[in-house]
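Notes follow the structure.
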Amino acid sequence: RQLQNIVPTLARQLAGQSRSFAEAVADVDPMILYKSSEHVEKLLVTPWKQSMKDRRDELPPSLIVIDALDEIENNGGEQLLRELIDSIRGEGVQGLKILVTSRPHPDIVDATNSLPRDTIFHLEDIKDKDGTEDIRTFLAARLPKLYVSPSRVHRQGLEELVNLASGLFIFAATAARLISPLNRERSLTEQADGLSKIILSPADGGSTSAVDALYNRVLDDAIPQQDRPSRLRILHTVVSALQPLTVATLAELVAVDSKNKDEEAAELCIGALHSVLYVRDKRVYIYHKSFSDFILDQQRCSPELACSPSTQNTHLFRTCLRIMGASLRFNMCSLPSSYNFDSEVGDLKQAVQKNILDVLGLEYACRYWTSHLIKVPASSGDSLLLSALEEFGQEKVLFWIEVMNLLAARRECLDGANAVKNWV
């Protein structure tokens, strides 16, 4: 969701598919990574054009899909779209197609005005029956036991679910995961029971949408009363974290102190919330932003389950300070001399890995403590918060700056320090 990560991620993925592109992008100045306004031109378009001379004519075009442009933070979607349009204007980019999706954010809509009309497709132009048929096809493939069941009740229930989705795919996908989890097999009877629970408790027809009703059911099923405090802390941390977390780091950020972290509880919670959370490459992700929007809104989510951004960011700020307070020290990587440039230290990468990246939660704490603090309303007047910040400034801030330099995050360090200054 951060603009500076989008194009570098695309470039890396393209490099994995095209050797000629990989060779072209390898020659790009690494400092470009810190200039997001130049990412599209320098990391994507120019290297691709350079790679075309070695690309065989018979190869099909490569397709880049950028989904949910409107979800990029700080209105970054509009900036990225305008840069893409400017970079491919005129002769275009041969051999490369780009598909962008977005909700109709006014600034993004305005940016598309310069595009030919036939390159823009509006979701509302899809006929209702086409959307319904797509949902029906998806559910038939996703829930084959119910679809081919000899029981008429099962098939009728599946059709009711199609109608309840009203063409909204996120509803159908979440319902399917709730009925039949991806990571474990369920019998026909178990699936039918899950289907019945959904279709017998639809939205109330008022302000609560079908998706909200479904998400509330997910939470009620996954977070029983006896486990509510601990599981809500885990879920709220996943929702509020500023990057996907490993399960171990998640457990560390949830804990009041390192001695009490419970990785098994985090794993069980994620498993119970399988219809809205998933693990990929050992990190925890949310399937769809609509769930984050839902749980952060006390008008939509049950108040006792909703996440308070102020409360959660206060907790994460304190946790980051706890982790840094326990781990930061002078000369973090035990370098032999402060007079050498980083490039002159032969085993610096290994030292950073051992002393920073392998310390549970430390990289996250160093990168994001400032972001969590400034999300807490300054008017809250929490004297303990200010005292903790003052103590950190007196005892650990120089060591934090050293770590940020070792993480090649100097710009983030400066921006974070300025943001804290403005918050105070």
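The values are calculated or read from the model by the stated rules, or taken from the named source; none is laboratory data. Bear in mind that the values here come from a model prediction, so they are computed numbers and not experimental data. Note that each Cβ is placed from the backbone with ideal geometry, even for glycine, and that neighbours are counted across all protein chains shown. Surface accessibility is based on the protein's heavy atoms, side chains included, excluding ligands, DNA and RNA. Shrake-Rupley method; radii C 1.70, N 1.55, O 1.52, S 1.80 Å.
Numerical summary
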item: SER62 accessible area, assembled protein chains, probe 1.4 Å, Å²; result: 30
item: Under Karplus coefficients 6.51, -1.76 and 1.60, residue-wise ³J(HN,Hα) of segment 317-330 in Hz, glycine/proline x; result: 4, 4, 5, 4, 5, 4, 5, 5, x, 7, 10, 6, 7, 5
item: Longest exposed-site-free window of the chain, the sites being chymotrypsin sites (Phe, Trp or Tyr not before Pro) in a DSSP loop that have at most 11 other C-beta atoms within 10 Å; result: 122-329
item: Globularity index of segment 1-149, i.e. its alpha-carbon radius of gyration over 2.2 N^0.38 Å; result: 1.25
item: Accessible area (Å², 1.4 Å probe, nearest 10) - ARG142; result: 50
item: Förster radius 45 Å - calculated FRET efficiency between LEU168 and ASP382 (Cβ-Cβ, nearest 0.05); result: 0.65
item: Where trypsin sites (Lys or Arg not before Pro) fall in DSSP loop in segment 294-374, at most 14 other Cβ within 10 Å; result: ARG329
item: Residue pairs, from the table LYS396/LYS421; LYS259/LYS354; LYS259/LYS396; LYS289/LYS396; LYS259/LYS421, whose Cα atoms sit over 25 Å apart; result: LYS289/LYS396; LYS259/LYS421
item: FRET efficiency, GLN50 to ASP130 (Cβ-Cβ, R0 60 Å, nearest 0.05); result: 0.90
item: Point-to-point label distance, ASP220-ASP257, nm (Cα→Cβ direction, 7 Å offset); result: 4.0
item: Derived scalar couplings ³J(HN,Hα) [segment 247-256; Karplus, 6.51 cos²θ - 1.76 cosθ + 1.60; whole Hz; x for Gly, Pro]; result: 4, 5, 5, 4, 4, 5, 6, 6, 5, 6
item: Chain lengthening between GLU71 and ALA248 when straightened (0.36 nm per residue, less Cα-Cα); result: 61.0 nm
item: Straight-distance crosslink candidates among lysines, where the alpha carbon sits under 22 Å from LYS42 and sequence neighbours closer than 8 are dropped; result: LYS53, LYS97
item: Portion, in percent, of the accessible area of segment 1-93 that falls on carbon or sulfur, probe 1.4 Å; result: 47
item: Shape category assigned to the chain from the gyration tensor of Cα positions, a/c cut at 1.5; result: oblate
item: Average accessible area per residue (Å²) across segment 187-328 - probe 1.4 Å, nucleic acids and ligands excluded; result: 45
item: Cβ-derived FRET efficiency at R0 30 Å, GLU58 paired with ASP86, nearest 0.05; result: 0.50
item: Residues with amide H under 5 Å from that of LEU245, placed H, sequence gap 5 or more; result: VAL284
item: Extension gain (nm, one decimal) between HIS122 and ASN422, 0.36 nm per residue minus Cα-Cα; result: 103.9 nm
item: Sequence of SER18, SER102, SER37 from largest to smallest accessible area, 1.4 Å probe; result: SER37, SER102, SER18
item: Extended-chain gain in nm, criterion 0.36 nm per residue less alpha-carbon gap, SER310 and ARG184; result: 41.7 nm
item: Mean residue ellipticity (222 nm) of the chain, computed from DSSP H runs ≥ 4 via -39,500 (n - 2.57), nearest 500; result: -16500 deg cm²/dmol
item: 11 Å beta-carbon shell around ALA409, net charge (K/R +1, D/E -1); result: 0
item: GNM result for the chain, Cα springs below 10 Å: residue of ASP128, ASP118, ASP107 fluctuating most strongly; result: ASP118
item: Cα-projected label distance for LYS354 with ARG19, points at 7 Å along beta-carbon direction, nm; result: 3.7
